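So the structure is just underneath, and the comments pick up after that.
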Amino acid sequence: MEFEFSPKWLALLFVIAGVVVVFMLMGGSLTQLFSSGVQETVLVQLKEGNTCVVEASDGIPRTINNCPYQKGDNITINYKQGLPTLEGHRAE
């Protein structure tokens with residue numbers, strides 16, 4: 001019995017493969033995408049205008065737009081290990 005892929009299945013496979021390749025080229029892995037979040041207390045290291053910069057223990061700087069904190073404040077951040085975005089933040 002011979003199985004043939006329809007054009008729709010081939011298109012779907014190419015799209016999935018393309019997403020995986022782009023994600024890998026950006027330095028990510030699928031395990032990072034689905035990993036649980038990390039909560040950590042960090043220091044606001046820099047504030048320029050309304051943007052703050054914090055750095056978690058994984059060494060990746062993360063920005064907070066419209067930042068209500070001041071340089072030197074301790075805040076709690078939520079993020080995924082290895083990804084540059086924050087899932088949330090709050091004052092200590």
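Within the stretch 67-92, restricting attention to residues that are over 25 Å from F23 (Cβ atoms) and without any contact (Cβ under 8 Å) to a residue 24 or more places away in the chain, the residue that is least open to solvent (accessible area, probe 1.4 Å) is C67. Note on the stretch 41-57: residues that are open to solvent by less than 40 Å² (accessible area, probe 1.4 Å) and in contact (Cβ under 8 Å) with a residue 12 or more places away in the chain total 5.
In the stretch 21-33 there is at least one residue that is open to solvent by 40 Å² or more (accessible area, probe 1.4 Å), modelled with pLDDT under 95 and part of a loop (DSSP other than H, G, I, E, B).
Taken as a whole, the condition of being open to solvent by less than 40 Å² (accessible area, probe 1.4 Å) and more than 29 Å from M24 (Cα to Cα) does not apply to I64.
The values are calculated or read from the model by the stated rules, or taken from the named source; none is laboratory data. Note that this is a predicted model, so its numbers are computed, not measured. Backbone-built Cβ (ideal geometry, glycine too); neighbour counts: all protein chains shown. Ligands, DNA and RNA are stripped out before the accessible areas are found, and what is left, the full protein with its side chains, is counted by its heavy atoms. Shrake-Rupley method; radii C 1.70, N 1.55, O 1.52, S 1.80 Å.
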